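Input: a single structure, listed below in structure tokens.
The values are calculated or read from the model by the stated rules, or taken from the named source; none is laboratory data. Bear in mind the structure is a predicted one, so any value in this text is a computation, not a measurement. Here the Cβ is made from the backbone with ideal geometry for all residues, glycine too, and neighbour counts use every protein chain on show.
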């Protein structure tokens, strides 16, 4: 089962590589992307029932991924929001969890873990379907 995924990442190269990798390895279908907090919050709110997973960077062109996380707190339990950032410190992981992140991954060394997470989430959704 494909995970309908929305990407919040302002670096075009990282975003394109991430989408390509996840679509190839993890049953992910990218629905779109945003480069700013406001753009991401608007799309996620307007398309509430259309997405299964949001992948959010913390540092954006405008605003912050923390604001995006906070705006997703009331989502249904079947929707997941994960953080993918170069700033995945212990304190930041804790803050993201407080704001409702389901997981936090470091861009520099946890892409494999993100792929595994997506595969597991897809399998969970398929088992529940």
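A few remarks follow.
- Test set (1) at pLDDT 95 or above; (2) surrounded by fewer than 17 Cβ atoms within 10 Å (Cβ to Cβ); (3) over 25 Å from residue 123 (Cβ atoms) - residue 74 fails condition number: (1)
- Residue count, region 20-34 (criterion: under 13 Å from residue 65 (Cα atoms) and surrounded by fewer than 18 Cβ atoms within 10 Å (Cβ to Cβ)): 0
- Those residues of region 22-49 which are within 14 Å of the chain's Cα centre (by Cα) and within 21 Å of residue 126 (Cβ to Cβ), in sequence order: 22, 23, 26, 28, 29, 30, 31
- Scoring residue 33 on the criteria (1) touching a strand residue (DSSP E or B) at 6+ places or on another chain (Cβ under 9 Å); (2) part of a helix (DSSP H, G or I) leaves a single failure, condition (2).
- Enumeration of residues in region 56-71 that are surrounded by fewer than 17 Cβ atoms within 10 Å (Cβ to Cβ) and either at pLDDT below 95 or part of a strand (DSSP E or B) (or both): 59, 62, 64
So that you can scan it fast, the table gives a plain yes or no per residue for (1) part of a helix (DSSP H, G or I); (2) out of contact with any helix residue (DSSP H, G or I) (no Cβ under 9 Å at 6 or more places or on another chain); (3) in contact (Cβ under 8 Å) with a residue 24 or more places away in the chain; (4) closer than 25 Å to residue 25 by Cα:
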| residue | (1), (2), (3), (4) |
| --- | --- |
| 54 | no, no, yes, yes |
| 73 | no, yes, yes, no |
| 84 | no, no, yes, yes |
| 88 | no, no, no, yes |
| 91 | yes, yes, no, no |
| 97 | yes, yes, no, no |
| 105 | no, no, no, yes |
| 117 | yes, yes, yes, yes |
| 125 | yes, yes, yes, yes |
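- Taken together, 46, 79, 126 contain a single residue that is surrounded by fewer than 16 Cβ atoms within 10 Å (Cβ to Cβ), farther than 18 Å from residue 23 by Cβ and out of contact with any strand residue (DSSP E or B) (no Cβ under 6 Å at 6 or more places or on another chain), which is 46.
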